[in-house]
Amino acid sequence: MTRRRDSDATDRLLRQLVGLVVLAASLALLPALGVALSSASPTPRLLPTLLALIGLTAIASFAAVYVRIRSSRSIISWTGVAMIISLAAAPLNWAIICTAAGVVIAKTLSRMAPLKIAFNAAKDTVVVATSGVTLFALQVTGPLQQPLDYMGALALAYLAAVVMDEILAAPVIAVATGTGVGKLFRDKLDLRLTARGIQLLVALLVLAALQQDPRLLIALPLLLWLLHVTYANWVRAREERTAWQRLAQTTDELNVVDLDEVLSTAVTRAAELFSADEVEVELTDPREATLARGNSGAISFHGPPADAPPTTGTDVPTTLRGHDRGVDVGVLRLRFHGPVRLSDREQYTLSTFASALCTAIRNASAYAELARISARHAHDAAHDPLTGAANRRQLLERGNAQLEQQRESGLSAMLLIDLDHFKEINDTLGHPVGDQVLIRMAERLHTSAEPGDLVARLGGDEFAVLMSGLSAPAMAAHRAQRLIGSLHEPVELDGLRITVEASGGIAVAPGYGGITELLRRADAAMYQAKRAGRRLATYDRLGDRVDAGRLTLGGDLLRAADRPPVAVDFQPIVDLATGEVVAAEALVSTAEAGGADNDPQRPGRLPALTDLVFDEALLAVATWRDAGVDLPVAVNVSAGNLLDPRFSGAVLARVRAHGLPTERLILELTEALTISQLEVVDRVLGQLRDGGVRLALDDFGHGSSSLSLLSRIPIHQLKVDSRLVADMASSPEATAVIRSTVDLARSFHLDVIANGVESEPQRRALWELGCSAGQGNIFARPMPAARLLAVVQRGCDGRPGSLAPPLHESGAVIRLPSARRRNGQVHPERLPHLPA
């Protein structure tokens, strides 16, 4: 209804404007008719001239070039030429009458609407009267015997006509098309000025010819028609060239990846390109159904098609289909307030534009889908799939960043929560109910946490809350009490009322160790709470040190109250033939009271310590990779680790959390595993290997279970016991065991690595026996990760990446002892320097 009222108001305004122009024309035409009627009839000499002028004006008005502006057409006619000739060849009153009559005849023959006939006839009548008044003011009155003598006056009269024509036409066209007068004046200004100049030149040339022979006036209509055809072809070619340039520019602007920007550009540019009152693009894909509507100035609606306000007008729809003629993505509609017919060129341009728009929409949709997938993957990588809480990876990343900025943002603290007796819920009510309980617990933690706190699920029934912005350490306990208390409210599930109990440990961020140390302290506090039978405990350094000392050092008393924490060092594993570093092993070292390091201790005896070693080892691998040194790392695990069915999942999650390929981790297994335990660990080891983790059997050759273990465990490497390596020089039996180990490994397609290589003769002997790599003090002692990186980058003898000179120069012919030959055949599986 609003659009209809606007249309009625526009029609009324148009009629009023046309009425004013007709009134102005009447003020000029009626006096001219009065003078003509009061005077004698035209002389026989003047009558043919008047008829010729009427015909000339009719042809000039009929032979017009139409330029469409929305649903209306702007006319560029030759009436200016006819007006100048009429003013020069006849008195002013007859020039006005001939102009009015000729225009009425031409527009009637064109089957123009009566309102438009009245407007065009009235406008041209006022324009010729303006030119006549200008000549009269310059004391020039027709007919002119020598018109070339008055070229300046005629030019000024024509200029006055042009100005009056613009003044009368612009408001009417602006109202009819809904275009601003200023924009309308600028639109195609160069085309109009060119047409006006050509008309003035043609008029003066015609007057020059008539001055030589007035009988040429009879030939003027034909001449004018030929000029019109030439000019119309030029205008058409120019319009087509301009249209293609705009189309090319528009298609370039559509080459963006944001779908909303594509639709906005398509609407505004199509409205300008096709001079439409309104344009809308509707996407019909149910997943992204939307409608964008607007004009060349702005977007008036963008949203679901069902919410779009109604509109009226003449639609020119075009299906949005690509060059491949595939599935339609939607429809493009050009809307005009009145009836309109597009030219063949416009139809082809519209088809090309629709195809380009279809391609742009598909590209933007594909990019948006990729962005959605990427965002979903990024979310999944940082969140627990069951509860939606943050996972360990996000906790580590967020925690490290938060601890770096805590000077400005306040203290940070960690609350580690473990649900007590949760296994009973799973065993009694089933895992689906247990999953729902975990989801409810996560929701309660999110609700009770402060803005800015991070709630994470670390796996199983363990949660963590990273608290930030604490003004004092005591605030952590206050927040933790509220969080733990929220978990103890009973849970209603399918008519069951389930009570959940939880234990928690609080730790305030330490001055060293980062988020890993903070998690370790919170874990220690949580176990302190469990042992004391309390709901919540705050980290106590003394208690933590007693526990850590007892569990990691076998119950020895602490050496000193200020002993630094456990450190993780790395010893390189080196290719025996080339001297190049191929891997590194993570080793745990503790400090004496005096500050000297003890011998490296194998990790794996304490779950918290194992977590620490894994984090340090994987962090070292990531750091080395960023520096361009891609080395796998080996970590020792014990039977106690493998007896935990959650161990494999925790290891794989930890590797992914550090953004590393799983094959960059090697787990070294101790021979202490017994046959009875293998029934338990088979599944865990299979999951680790299937996940990409490489397995090695450590200290092989020591003990009676080696062969049995080798036949059961899906390993990749054998590591020869260091005691066998040490006894090689004095014990032929040790050498025989190593040779047998190599032969056994070859049959299982395994690599053999020697532990405890201390001298160059040992290195060469091991290589000749078939060992591919080794580690020991001959190459490097255990050292921190940063120092190992520097050592590897520096290299040996100008060879970065190596820690020892090669046993043979590249290309040298190698003579192997008989021990390396079998049945007359050399086995070069570990001989990278053999000549081709």
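The values are calculated or read from the model by the stated rules, or taken from the named source; none is laboratory data. Everything quoted here is computed from the prediction, not taken from an experiment. Cβ: placed from backbone, ideal geometry, glycine included. Neighbour counts: every protein chain shown. These area figures cover heavy atoms from the full protein model, side chains too; ligands, DNA and RNA do not enter into them. Shrake-Rupley method; radii C 1.70, N 1.55, O 1.52, S 1.80 Å.
Here are the numbers for this structure:
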read-out	value
Residues (without any contact (Cβ under 8 Å) to a residue 40 or more places away in the chain and either surrounded by 14 or more Cβ atoms within 10 Å (Cβ to Cβ) or over 18 Å from the mean Cα position of the chain (by Cα) (or both)) located in the range 368-393	382, 383, 385
Subset of the range 415-435 [open to solvent by 80 Å² or more (accessible area, probe 1.4 Å) and closer than 16 Å to residue 385 by Cα]	431, 432
All positions within the range 328-367 that are assigned to a helix (DSSP H, G or I), surrounded by 14 or more Cβ atoms within 10 Å (Cβ to Cβ), in contact (Cβ under 8 Å) with a residue 40 or more places away in the chain and of a type outside the set (S, T, N, Q)	346, 350, 353, 356, 357, 360, 361, 362, 364, 367
Single match in 251, 268 (criterion: of a type in the set (Val, Ile, Thr), within 23 Å of residue 310 (Cβ to Cβ) and open to solvent by 20 Å² or more (accessible area, probe 1.4 Å))	268
Residue that is farther than 20 Å from residue 696 by Cβ, open to solvent by less than 40 Å² (accessible area, probe 1.4 Å) and outside any strand (DSSP E or B), where the choices are 807, 766	807
Residue within the range 692-701 that is touching an Asp or Glu at 6+ places or on another chain (Cβ under 7 Å), modelled with pLDDT of 90 or more and open to solvent by 50 Å² or more (accessible area, probe 1.4 Å) present	yes
The listed residue being touching a residue at least 12 places away in the same chain (Cβ under 8 Å), of a type outside the set (A, V, I, L, M) and part of a strand (DSSP E or B), out of 268, 311, 318	318
Selection within the range 109-128 - out of contact with any Phe, Trp or Tyr (no Cβ under 8 Å at 6 or more places or on another chain), more than 20 Å from residue 207 (Cβ to Cβ) and open to solvent by less than 80 Å² (accessible area, probe 1.4 Å)	112, 113, 117, 118, 119, 120, 121, 122, 123, 125, 126
Of all residues making up the range 435-460, the number that are modelled with pLDDT under 90 and under 16 Å from residue 500 (Cβ atoms)	1
Pick from the range 281-291, criterion open to solvent by 10 Å² or more (accessible area, probe 1.4 Å), in contact with a helix residue (DSSP H, G or I) (Cβ under 8 Å, 6 or more places away or on another chain) and in contact (Cβ under 8 Å) with a residue 40 or more places away in the chain, ranking: nearest to residue 317 (Cα to Cα)	282
Pair list, Cβ < 7 Å and 6+ apart or interchain, from the range 755-784 residues that are hydroxyl-bearing (Ser, Thr, Tyr) to residues that are at pLDDT below 90	772/830
Close pairs from the range 136-147: first more than 14 Å from residue 84 (Cβ to Cβ), partner open to solvent by less than 90 Å² (accessible area, probe 1.4 Å) and modelled with pLDDT under 80, Cβ under 8 Å, at least 6 apart	146/211
Subset of the range 129-147 (residues that are open to solvent by 20 Å² or more (accessible area, probe 1.4 Å) and within 16 Å of residue 159 (Cα to Cα))	130, 133, 134, 136, 137, 138
Count - residues of the range 238-247 that are open to solvent by 50 Å² or more (accessible area, probe 1.4 Å) and without any contact (Cβ under 8 Å) to a residue 24 or more places away in the chain	2
Residue in the range 137-158 that is in a helix (DSSP H, G or I), under 30 Å from residue 13 (Cβ atoms) and not acidic (Asp, Glu) present	no
Selection count, the range 450-462, where residues are open to solvent by 20 Å² or more (accessible area, probe 1.4 Å) and either touching a Ser or Thr at 6+ places or on another chain (Cβ under 6 Å) or at negative phi (or both)	8
Residue in the range 713-722 that is modelled with pLDDT of 85 or more, of a type in the set (Lys, Arg), within 21 Å of residue 747 (Cβ to Cβ) and buried (at least 20 other Cβ atoms within 10 Å of the Cβ) present	yes
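A quick yes/no check of all residues on (1) buried (at least 19 other Cβ atoms within 10 Å of the Cβ); (2) modelled with pLDDT under 85; (3) farther than 14 Å from residue 684 by Cβ:
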{"position": "614", "(1), (2), (3)": "yes, no, yes"}
{"position": "617", "(1), (2), (3)": "yes, no, yes"}
{"position": "630", "(1), (2), (3)": "no, no, yes"}
{"position": "636", "(1), (2), (3)": "yes, no, yes"}
{"position": "640", "(1), (2), (3)": "no, yes, no"}
{"position": "646", "(1), (2), (3)": "no, yes, no"}
{"position": "651", "(1), (2), (3)": "yes, no, no"}
